[in-house]
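Inspection log for the structure reproduced underneath, given as structure tokens.
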Amino acid sequence: MSLRQKIEIQITQQPNEFDSLRSKVFDIDFCEFGEINSTWQNMTETARVVFPRSILVEDDKGNLVNWTELGIYGGENPLFMRGDKISIRVGFFVTDENGVETLDIPNNPQFEGYISRIRNKIPIE
């Protein structure tokens, strides 16, 4: 039996004083690095996610562009901002002795919270 990790990250824009129409939901199924820390001493959870530098996405006109050109964390209307909701689910693809692969991912998120900081560098953290 072998395991291969599967991650599902959902980022939901939250309206704010500058843009009351922020309501897009981004479903991302990849990251370069991720960690979730949960301690009973602090009675809180924190997560850190690093996204790769070069990701091609489709813009409003249907063209493929690097997602850094869309203003991920800066500019007039960034995709991600402090205060946006983030949910992370982690599961595994399980391969049995017959070579059949099935996805085992829990319905409950491993982490739910809000973006508190975005590192102003590439790769996006």
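The values are calculated or read from the model by the stated rules, or taken from the named source; none is laboratory data. Keep in mind the model is a prediction, meaning the values are calculated, not measured. All Cβ positions, glycine included, derive from the backbone under ideal geometry; neighbour counts span all protein chains shown. What goes into the accessible areas is simple: the full protein's heavy atoms, side chains included, and nothing from ligands, DNA or RNA. Shrake-Rupley method; radii C 1.70, N 1.55, O 1.52, S 1.80 Å.
So the values come out like this:
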item: Meets criteria (under 25 Å from Pro123 (Cβ atoms), modelled with pLDDT of 85 or more, open to solvent by less than 40 Å² (accessible area, probe 1.4 Å) and touching a Gly at 6+ places or on another chain (Cβ under 8 Å)) for Ile86; result: yes
item: From Ile55, Ile9, residue being at pLDDT 85 or above and closer than 15 Å to Ile124 by Cβ; result: Ile9
item: Qualifying residues in the range 66-83 (those that are out of contact with any Leu (no Cβ under 7 Å at 6 or more places or on another chain) and of a type in the set (A, V, I, L, M, F, W, C)) - the one modelled with the lowest pLDDT; result: Trp67
item: Hey, Glu125 at pLDDT below 85, surrounded by 12 or more Cβ atoms within 10 Å (Cβ to Cβ) and of a type in the set (Asp, Glu) or not; result: yes
